[in-house]
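Trainee: Structure below; questions to follow.
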Amino acid sequence: MKSWLIDAYPWIKSAHIVSVVAWMAGLLYLPRLFVYHAMAPVGSDRSETFKIMERRLLRGIMNPAMLVTLGFGLVLAATPDVVDWHRGWIWTKLVLVAGLVAYHGWLARWRRAFAVDRNRRSPYFFRVINELPTLALIAIVVLVVVKPF
Ligand code: HEM
């Protein structure tokens, strides 16, 4: 009945990986922009340019890429014989994915603060939190490829 899902599996996985790359690019780049934005004087040309870059990155790339990643991920999870739900890797992965979605939400909140010149956070703060998605990505890739447990 669901055999079309099995036939489409390599294509859906390809689309999942492409959208993961686009989403991760944004999750890594947006906090980098915040580091430099936090150093730019309020009202300067530089600050106004960062506002445009941040809005376009979040709305034009990150929001759609996140939705497509989650959508294709759920389709993969619904494909017969792809996930053994008794194993731990998929649940651990889902917890980490929830963490990335929450992180995305925080970035969106901080972007809105920058947009109205209300950022209160330091460049150092954004530099530190910039490492979080890297750690999540490494863990997720090992979980889905090695499936250690
Ligand atoms: C709702 C969220 C998600 C679900 C339900 C999901 C589910 C899945 C499933 C079922 C597979 C196939 C595993 C296999 O063939 O053995 C897969 C593959 C993969 N997922 Fe996700 N995923 C989600 C989000 C993510 C995110 C956020 C990332 C990275 C940050 C990610 C990275 C990958 C990678 C790299 C693969 C390819 C693994 C391989 O080559 O077998 N996924 N995903």
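The values are calculated or read from the model by the stated rules, or taken from the named source; none is laboratory data. This is a predicted model, so every value here is computed, not measured. Ideal geometry is used to build each Cβ from the backbone, glycine not excepted, and the neighbour counts take in all protein chains shown. Calculation scope for accessible area: heavy atoms of the full protein, side chains included, ligands and nucleic acids excluded. Shrake-Rupley method; radii C 1.70, N 1.55, O 1.52, S 1.80 Å.
Trainee: Read through the list (1) near the ligand (Cβ under 9 Å from one of its atoms); (2) out of contact with any His (no Cβ under 8 Å at 6 or more places or on another chain), then give the number of the only condition that residue 87 fails.
Mentor: For residue 87, the exception is condition (1).
Trainee: If we keep just the residues of segment 1-46 that are over 22 Å from residue 126 (Cα atoms) and touching a Phe, Trp or Tyr at 6+ places or on another chain (Cβ under 7 Å), which is farthest from the ligand (Cβ to nearest atom)?
Mentor: 15
Trainee: Would you confirm, using the coordinates I've provided, whether residue 22 is within 22 Å of residue 135 (Cα to Cα) and open to solvent by less than 20 Å² (accessible area, probe 1.4 Å)? Break it down into steps so the answer makes sense when it comes.
Mentor: On the way: within 22 Å of residue 135 (Cα to Cα): yes; open to solvent by less than 20 Å² (accessible area, probe 1.4 Å): no.
For residue 22, the condition - within 22 Å of residue 135 (Cα to Cα) and open to solvent by less than 20 Å² (accessible area, probe 1.4 Å) - is not met.
Trainee: Only one of (1) more than 16 Å from the ligand (Cβ to nearest atom); (2) over 19 Å from the mean Cα position of the chain (by Cα) is not met by residue 147, so which one is it?
Mentor: Tallying (1) more than 16 Å from the ligand (Cβ to nearest atom); (2) over 19 Å from the mean Cα position of the chain (by Cα), residue 147 fails exactly one: (1).
Trainee: Being more than 8 Å from the ligand (Cβ to nearest atom), touching a helix residue (DSSP H, G or I) at 6+ places or on another chain (Cβ under 6 Å) and open to solvent by 30 Å² or more (accessible area, probe 1.4 Å) is the filter here, so list the residues in segment 62-79 that pass it.
Mentor: 68, 75
Trainee: Among (1) of a type in the set (Lys, Arg); (2) over 27 Å from residue 35 (Cα atoms); (3) surrounded by fewer than 17 Cβ atoms within 10 Å (Cβ to Cβ), there is one condition residue 121 misses while meeting the rest; what is its number?
Mentor: Of the numbered conditions (1) of a type in the set (Lys, Arg); (2) over 27 Å from residue 35 (Cα atoms); (3) surrounded by fewer than 17 Cβ atoms within 10 Å (Cβ to Cβ), the odd one out for residue 121 is (2).
Trainee: Here's a follow-up. Where in segment 19-137 are there helices (runs of 4 or more DSSP H), lying fully within it, with 2 or more residues that are without any contact (Cβ under 8 Å) to a residue 24 or more places away in the chain and aliphatic (A, V, I, L, M)? Outline the logic, then answer.
Mentor: Details: elements: 45-56, 63-78, 88-115, 123-129.
Result: 45-56, 63-78, 88-115.
Trainee: Output yes when any residue across segment 41-56 is surrounded by 12 or more Cβ atoms within 10 Å (Cβ to Cβ), β-branched (Val, Ile, Thr), out of contact with any Asp or Glu (no Cβ under 6 Å at 6 or more places or on another chain) and over 27 Å from residue 98 (Cα atoms), and no when none is.
Mentor: Looking through segment 41-56, at least one residue is surrounded by 12 or more Cβ atoms within 10 Å (Cβ to Cβ), β-branched (Val, Ile, Thr), out of contact with any Asp or Glu (no Cβ under 6 Å at 6 or more places or on another chain) and over 27 Å from residue 98 (Cα atoms).
Trainee: Do you know which of the residues in segment 104-144 that are small (Gly, Ala, Ser) and away from the ligand (no atom under 16 Å from the Cβ) is nearest to residue 22 (Cα to Cα)? Talk me through it step by step, then tell me what you get.
Mentor: Quick first cut of segment 104-144, residues small (Gly, Ala, Ser) only: 105, 108, 113, 115, 122, 136, 139.
Next, only the ones that are away from the ligand (no atom under 16 Å from the Cβ) stay: 108, 113, 115, 122.
Details: 108: 16, 113: 24, 115: 23, 122: 26 Å.
Ranking the qualifying residues of segment 104-144, first place goes to 108.
Trainee: If you check residue 116 against the conditions, is it within 18 Å of the chain's Cα centre (by Cα) and at pLDDT 95 or above? Break it down into steps so the answer makes sense when it comes.
Mentor: Numbers: within 18 Å of the chain's Cα centre (by Cα): no; at pLDDT 95 or above: yes.
The answer is no for residue 116.
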